[in-house]
Amino acid sequence: MPTIAKRKVAKEALSETTAILPEKTASDVRSDPNSTPCKRKLRSDGPLIMDSPFSSPTKWKSPRQCSSESPNRAVTAKETVANEGEIKSHKSPFKSTQDSFADKPKWNPKDGEQVRTVKEALHVSTAPSTIVCREDEQNMVFEFCKSCVEHNKAGSMYICGCPGTGKSLSMEKVKKLLVDWAKQAGLLQPDVLSVNCTSLANTSDIFSKMLGLNQTQGKKTSASPLQQLQSLYSQKSSSLNMILMVVDELDYLITKDRAVLHDLFTLTTFPFSRCILIGISNAIDLADRFLPRLKSLNCKPIIVTFRAYSKDQILSILKERLRELPYTVFQHQALELCARKVAAASGDMRKALCICRSAIEMLEAEIRESIGLSEISLEEKASPRQNLASDPDHVKQEEFDTVRIDHVALALSKTYRSPVVDTIQSLPHHQQIILCSSMKQFRGAKKDTILGELYRSYTGICKSSMIPPAGILEFSNMCRVLNDQGLIKLGPSREDKLKRVTLNIDETDITFALQGIRFFRNCLQ
């Protein structure tokens, strides 16, 4: 009897629930396990546990397809805005950087003023408003200089790194930060002296430049500038300011005995020295060469190394320079190609800037060529049968909006081309055919051949192109010329036809040098 009573109570509760719920379709009834009476009969006689009618325990649904509450509930406007905001917040950062380029209008490369502005922004001598990707190195140098000024203490630092890694540019930023900080802190501003050692006629002239900041007018002495500085830093004087001395291209001070270099760093060890010496050089091993001697003199400098820029860093710096312009100049893929190739070659940021400027010049040359072609076809454009959509101005308009990836590829090949490529391109036509035929001979595992086989390959290319081939004697003389230039190697033999021929250069150099000539396009395939 208690069991029957429980079943009646459960049935009444179920009928009340189904009265509240919305009307179900046939598919809903089939998918709902609680609505199938035959399944309920097969259960045990235990108490019936009611599940939520809005969640199915037997079938999982994706949260994208169902809401947190009823699936039939209407979504409010607030939830729609919230969902849209949530979706927007999950956008990838890569796509957002591309969108920032797409937001700007495209530039007009036919406008001379715009071209001049872009080239100026990408010039090596133009200092950017913000220096990115060198924050850690700048902070290390700034904190070192700040500590020296606060405690009126001399010190030395050596900054090394490959060319184009932002050493000199970062020091310009540090000098400005140090002067501004001293002004805000109410301290005496340090005197700043920047010396590029390539401009010195004599290496010892650097001491004369240092002495010029502290020497009082009218004093004449027979002592050398170095001796005067040593005497000045050996006695206490409250009138001397701290001197921040930045010595660029430090490796130019290296002499046979390295006396100038050692004397310069030794000035920071005198008891009343006020000199903060920062040496900059491209030679990474310079510290290993003079550091042991400086360590023995108790003037070992702090070493800060500027690593070569990575692909992402070069891309960030290029975007930072171009972000100041009110229009889009480069395709994103073109900048990526430039950053990837420069990072793989050297990581030199100056090289990347030169390549970008060269790519702009490629676009300018393309525009000039198209203008010349359009002037030639002026009569065809004036024809009434010509459709406006086929007008070259309309077709080329989109192509001239930005610097494309092919412009950057041309600029890269122009920058990183080897002298071998120039030699091949300057050869006479028949000698270029000999190189092309030798490359076809050695494409497999074959490393060398005899001169007679190479001559047969050469005559085959000439005949297929309807060009009269040279005779065997003239062919042998041309191979000797190529051997003298180091392009091929000829072995010794009594007969010319039996001489062994080996290719002495890389096949890719031949392909790169000849691929722009229409005659060799089929031969190189």
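The values are calculated or read from the model by the stated rules, or taken from the named source; none is laboratory data. Owing to the predicted nature of the structure, the values given are computational and were not obtained by experimental measurement. With ideal geometry, Cβ positions are generated from the backbone for all residues, glycine too; neighbour counts draw on all protein chains shown. These area figures cover heavy atoms from the full protein model, side chains too; ligands, DNA and RNA do not enter into them. Shrake-Rupley method; radii C 1.70, N 1.55, O 1.52, S 1.80 Å.
What to note about this one:
- Residue 406 exposes around 70 Å² of accessible area when a 1.4 Å probe is run over every protein chain in place.
- Of 341/440; 153/183; 119/209; 110/341; 104/167; 173/351, pairs whose Cα-Cα distance is over 24 Å: 341/440; 119/209; 110/341; 104/167
- Projected area averaged over orientations for segment 477-520, convex hull of C-alpha atoms, nm²: 3.7 nm²
- Solvent-accessible surface ranking, highest first, for 494, 293, 456, 134 at 1.4 angstrom: 494, 456, 293, 134
- Normalised per residue, the accessible area of segment 252-316 is 48 Å², obtained with a 1.4 Å probe and no contribution from ligands, DNA or RNA.
- Anisotropy class of segment 123-198 from Cα gyration tensor, a/c 1.5 cut: prolate
- Taking the convex hull of Cα positions in segment 404-464, its mean projected area over all directions (nm²): 6.1 nm²
- Legend: calculated FRET efficiency, residue 522 to residue 123, from the Cβ-Cβ distance at R0 = 45 Å, rounded to 0.05, equals 0.60.
- Other residues within the sphere of radius under 15 Å centred on the Cβ of residue 205, judged by their own Cβ, net out at -2 (K and R +1, D and E -1).
- Among the trypsin sites (Lys or Arg not before Pro) in segment 153-209, those located in a DSSP loop and surrounded by at most 16 other Cβ atoms within 10 Å of their own Cβ are 153.
- Of 407, 430, 151, the residue with the largest accessible area leads and the full order is 151, 430, 407 (1.4 Å probe).
- Residue 346 long-range amide H proximity, modeled H, under 5 Å: none
- With eigenvalues of the C-alpha gyration tensor scaled by 5 and rooted, segment 230-306, Å: 23, 14, 11
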